[in-house]
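*Asks:* Here it is, the structure in full.
The values are calculated or read from the model by the stated rules, or taken from the named source; none is laboratory data. Keep in mind that what you see is a predicted model, and the values were worked out from it rather than measured. Neighbour counts run over all protein chains shown; Cβ positions are idealised from the backbone, glycine included. Calculation scope for accessible area: heavy atoms of the full protein, side chains included, ligands and nucleic acids excluded. Shrake-Rupley method; radii C 1.70, N 1.55, O 1.52, S 1.80 Å.
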2 protein chains.
Amino acid sequence: MDQKKICPRFEKALKILNHRWNTLLIYQLLDGPQRYSTIKKQLNISSRVLTERLKELETEEILLRTVIPTTPVVIEYELTEKGYALAPVLKAIEQWSSDWVTITKD
Amino acid sequence: MDQKKICPRFEKALKILNHRWNTLLIYQLLDGPQRYSTIKKQLNISSRVLTERLKELETEEILLRTVIPTTPVVIEYELTEKGYALAPVLKAIEQWSSDWVTITKD
DNA sequence: TACACTAGGTTACGAATTGTAAGTTAAAGA
DNA sequence: TCTTTAACTTACAATTCGTAACCTAGTGTA
């Protein structure tokens, strides 16, 4: 009848983090600022989706986009303080995966 | 050229956790065993997807499905030890969301 | 005997999201 | 003028998701 409601901020966090690629993208950027093309190669993600996700995370102020006016132009993406604050979440997932996840070949 | 490869176990963890609904589902079950219909109401998820995700998490041994032979039959889902081990991940997300997430109305 | 009720699903199908591959843009070097 | 490069866009096909209707036992009711 009366459903215990989930905190909207927690829900929003999950919405961001569970959006395909986002967590991996943040994980990748924990190593420091990186260029569009570097991220693309590392994650093996399509440019269409990568651009979309980078914009989403920029809007959420999890990362910052910097234009470096070389030629051709280079764009660097880096985590904001809010973004780096996600490190403990990623650490917890890493811990869990090393404790419990097994890889099965099929 | 040579991309620093991401640990396959970590990748698998992300694959499971980032699959839409899964994290919320696990969060919900941290409160203890729950029936199919209860989960459905709480999360406001469609039965098609709920069934699919419960099967996935059961396959991953994150949760356990128990048939209670009443009439009509009742099914209870509960986290396994592997499932409960995800609590720190959820706690970390909760912490981050309370520290950093703001809700914007649009 | 027939009918309805209930929990936990399945099924069909349209809508939304994702991946793929090709094209765009602007500056500079050949 | 033509080519190259980084960082995107665009068009479109393949997946995945949400919605609503339907299915299946095992009762209880008429």
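*Asks:* Where does the protein assembly as shown land at 222 nm, in deg cm²/dmol rounded to the nearest 500, when only DSSP H runs of n ≥ 4 count, each adding -39500 (n - 2.57), divided by all residues?
*Replies:* -15500 deg cm²/dmol
*Asks:* Could you work out the Kirkwood radius for segment A:8-100, taking every pair of different alpha carbons, averaging 1/r and inverting it, reported in Å?
*Replies:* About 13.9 Å for segment A:8-100.
*Asks:* What GluC sites (Glu not before Pro) does segment B:1-103 have in DSSP loop regions with at most 14 other beta carbons within 10 Å?
*Replies:* On the way: sites: B:Glu11, B:Glu52, B:Glu56, B:Glu58, B:Glu60, B:Glu61, B:Glu76, B:Glu78, B:Glu81, B:Glu94; in loops: B:Glu60, B:Glu61.
Here the GluC sites (Glu not before Pro) that fit, given the DSSP loop and packing criteria, are B:Glu61.
*Asks:* What's the longest uninterrupted piece of chain B once you rule out the trypsin sites (Lys or Arg not before Pro) that are loop residues per DSSP with at most 11 other Cβ within 10 Å? Mind showing how you got there, number by number?
*Replies:* Working: sites that count: B:Lys4, B:Lys5, B:Lys105.
Longest site-free region, per DSSP loop and neighbour criteria: B:6-104.
*Asks:* Moving to a separate point now. What does the convex hull of the alpha-carbon atoms of the protein assembly as shown project to on average, in nm²?
*Replies:* 14.6
*Asks:* Find every distance from the label point of B:Gly32 to the corresponding label point in the other copies (7 Å from Cα along Cα→Cβ) and write them in nm, one decimal, shortest first.
*Replies:* 5.1
*Asks:* Nearest 10 degrees is fine. How inclined is helix B:87-100 to the longest principal axis of chain B, computing both from alpha carbons?
*Replies:* 60
*Asks:* Per the 1.4 Å probe, what fraction of the accessible area of segment A:35-84, in percent, lies on carbon and sulfur atoms?
*Replies:* Details: 1560 of 2990 Å².
Of the solvent-accessible surface of segment A:35-84, carbon and sulfur hold 52 percent.
*Asks:* Please compare each pair in A:Lys82/B:Lys40; B:Lys15/B:Lys82; A:Lys55/B:Lys55; A:Lys41/B:Lys55 to a cut-off of 24 Å on the Cα-Cα distance and tell me which ones are over it.
*Replies:* Distance filter (> 24 Å) returns A:Lys82/B:Lys40; A:Lys55/B:Lys55; A:Lys41/B:Lys55.
*Asks:* Moving on. Once the mean 1/r over all distinct Cα pairs of segment B:43-88 is inverted, what Kirkwood radius in angstroms do you read off?
*Replies:* By the Kirkwood definition, the hydrodynamic radius is 11.6 Å.
*Asks:* Express in Å², to the nearest 10, the accessible area of A:Val67 obtained by rolling a 1.4 Å probe over the protein heavy atoms while all chains stay in place.
*Replies:* Near enough 80 Å² of accessible area.
*Asks:* Using a cut-off of 12 Å between beta-carbons, work out the net charge of the residues near B:Asp99 (Lys and Arg +1, Asp and Glu -1, B:Asp99 not included).
*Replies:* Numbers: positive: A:Arg9, A:Lys82; negative: A:Glu81, B:Glu94.
Neighbour charge sum, excluding B:Asp99 itself: 0.
*Asks:* Follow-up question, since we're still on this one. Evaluate E = 1/(1 + (r/R0)^6) for B:Arg20 and A:Thr104, where r is the Cβ-Cβ distance and R0 equals 30 Å; express this FRET efficiency to the nearest 0.05.
*Replies:* Computed FRET efficiency for B:Arg20 and A:Thr104: 0.85.
*Asks:* Starting from the 7 Å offset along Cα-to-Cβ, what nm value, one decimal, do you get for the label separation of A:Arg65 and A:Lys91?
*Replies:* Between A:Arg65 and A:Lys91, the simple spin-label model gives 3.1 nm.
*Asks:* If you don't mind, another one. How high is the relative contact order of chain B, in percent, counting Cα pairs under 8 Å that sit 6 or more residues apart? Could you put the intermediate results ahead of the total?
*Replies:* Details: 75 pairs, mean separation 26.1, N = 106.
Averaging sequence separation for qualifying contacts and normalising by length gives 25 percent for chain B.
*Asks:* Please report the net charge: other residues with Cβ closer than 14 Å to the Cβ of A:Lys55, K and R +1, D and E -1.
*Replies:* Net charge around A:Lys55: -2.
*Asks:* Sticking with this one: In Å², what does the accessible area per residue of the protein assembly as shown work out to with a 1.4 Å probe?
*Replies:* 60
*Asks:* Buried accessible area between A and B (1.4 Å probe, both chains summed, ligands and nucleic acids excluded), in Å² to the nearest 100?
*Replies:* 3900
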